[in-house]
Amino acid sequence: MKNKQLLLENYEKAYGKKFVCKRPFELVEVDLNGDVYFCYPRCDDNSYKIGNLYQSSFEDICKSEKAVIYKKDILNSKYSYCNFENCSAPDKNLCFDDFNAEELMNIVYPKELRLHLDNICDVKCFMCRKEYIVKFDKEKEFKEILIPRILNMCQKAEIVFMNGQGEALYSPLNKELISKIAQTYPNIKFDFCTNGLKCNKENLQKLNIENRIKNISFSIHAASEKTYNKIIKGGNYKKLKENISYAKSLKSQNLLESISLNFVVNKLNYKEMIDFAKYASENNFTCFFSHLQNSPAIENNYDELSFKNHNHKDYKKLCKILQNKIFDNENCILDNQLQEIRNEKISRPKFNMIKLLSFFYKH
């Protein structure tokens, strides 16, 4: 684990002030259960949950003792509840130049919302789920409780990110929420993580957001149709590529700021990493490579599919692929584990997620 205290001390020496992270005062994330965080919970499995949106109003959550304790801890630059292992902090771009502690403590409504609210999806990725999920078990509560509370949270929001648990552009629940946010707050922009199948002109125009998207991140995980079909069941490679072309046309008209691509590295697709990176580079896309994480969907085959074990029979082949200079490109981002594998063969500065989380922070 990164030496948290040393990083904080080095920051203070370099800039002459304590590191006070912006995220807890500008960003709120809500997960599948309705749990509320003032940061990215994926940074740490034991992330500090502030409250639950199904159980309490957002205002009450922000005024709660847990919220006060957490924010004061950040203001005092202690980070007692933070794990720096998978975090970009301390990073100058995420630190306040100047701040008023009382004003920060009184902030309720965030600038950015990151919403992972249901798991409905039109495809079945092998690493994500064993079955197609077309119904959310909290549908009634979602409509009656969550939607009104999310709308209320958006009062000061500039950007709303959706959806890391399902497919926001397919889910009827999320589409209803998107439509209401767009109608209620005409200045809010959206950021989507999507499988791309419903990211088309007809759908975006119907939701009235075609000119209100900041970034679209397509989860593809392959550079060929054959491999794509092995990984994503129920997908449509031709339709996906057509919708990526449509997104490119929006970007060329300055209606879309950026496009990124996601690739979860596993035994089925690792040989296509270079081609995938080249495709991203040729189209001026950012591409993110991440290691395969364990889940109930693949737990029995995880050791065979992932490269977490260095004794994996294809591990050396992956190492060789990662030596390609294409992965030096700024638009090509490897997560911690993949960068460490790459660094085993050549001496390079270790990737500490500054690039990755700073990108998400800006988008």
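Observations
- Value of relative contact order over the chain, rounded to a whole percent, pairs C-alpha under 8 Å and six or more apart: 14
- Scattering curve values for segment 1-83, log₁₀ I(q)/I(0), Debye with Cα scatterers, q = 0.14, 0.25, 0.26 Å⁻¹: -0.51, -1.27, -1.33
- Summing charges over neighbours of Asp35, with a neighbour being any other residue whose Cβ is under 11 Å away from its Cβ, gives -1 when K and R count +1 and D and E count -1.
- Kirkwood radius for segment 121-194, taken over all pairs of different Cα atoms as the inverse mean of 1/r, rounds to 13.3 Å.
- The chain: translational diffusion in µm²/s, Stokes-Einstein, Kirkwood Rh over Cα pairs, 20 °C, 1.002 mPa s: 99
- Chymotrypsin sites (Phe, Trp or Tyr not before Pro) restricted to DSSP loop in segment 83-186 with at most 14 other C-beta within 10 Å: Phe99, Tyr132
- Each peptide in 25-38, 224-237, 289-302 receives the mean, over its residues, of other Cβ atoms within 10 Å, and ordering these scores from highest gives 25-38, 224-237, 289-302.
- Bins of 10 Å from zero: percent of alpha-carbon pairs in segment 94-144: 17, 29, 20, 19, 15
- Here the mean projected area of the convex hull built on the C-alpha positions of segment 234-295 is 5.3 nm².
- Rg and Dmax of segment 201-355, based on Cα coordinates, read 16.7, 51 Å.
- Radius of gyration, Dmax [segment 106-254; alpha carbons; angstrom]: 15.6, 53
- 222 nm mean residue ellipticity, helices alone, for the chain (DSSP H n ≥ 4; -39,500 (n - 2.57); rounded to 500): -9500 deg cm²/dmol
- Each Cα pair of segment 43-196 feeds into the Kirkwood radius, which the Stokes-Einstein equation turns, at 25 °C and 0.890 mPa s, into a diffusion coefficient of 140 µm²/s.
- Normalised by residue number, the volume inside the convex hull of the Cα atoms of segment 200-259 is 83 Å³ per residue.
- At 1.002 mPa s and 20 °C, Stokes diffusion of segment 176-232 via Kirkwood alpha-carbon radius, µm² per second: 168
- Carbon + sulfur, % of accessible area of segment 178-272 - ligands and nucleic acids excluded, 1.4 Å: 43
- Taking a sphere under 12 Å around the Cβ of Gln183 and counting the other residues whose Cβ falls inside, with K and R at +1 and D and E at -1, yields a net charge of +1.
- When peptides 258-264, 190-196 are sorted by average Cβ neighbour count within 10 Å, with the highest value leading, the order is 190-196, 258-264.
The values are calculated or read from the model by the stated rules, or taken from the named source; none is laboratory data. All of these numbers come straight from a predicted model, not from anything done at the bench. A quick note on method: Cβ atoms are made from the backbone with ideal geometry, for glycine too, and the neighbour counts reach across all protein chains shown. Note: accessible area is taken over every heavy atom of the protein model, side chains too, but ligands, DNA and RNA are not part of it. Shrake-Rupley method; radii C 1.70, N 1.55, O 1.52, S 1.80 Å.
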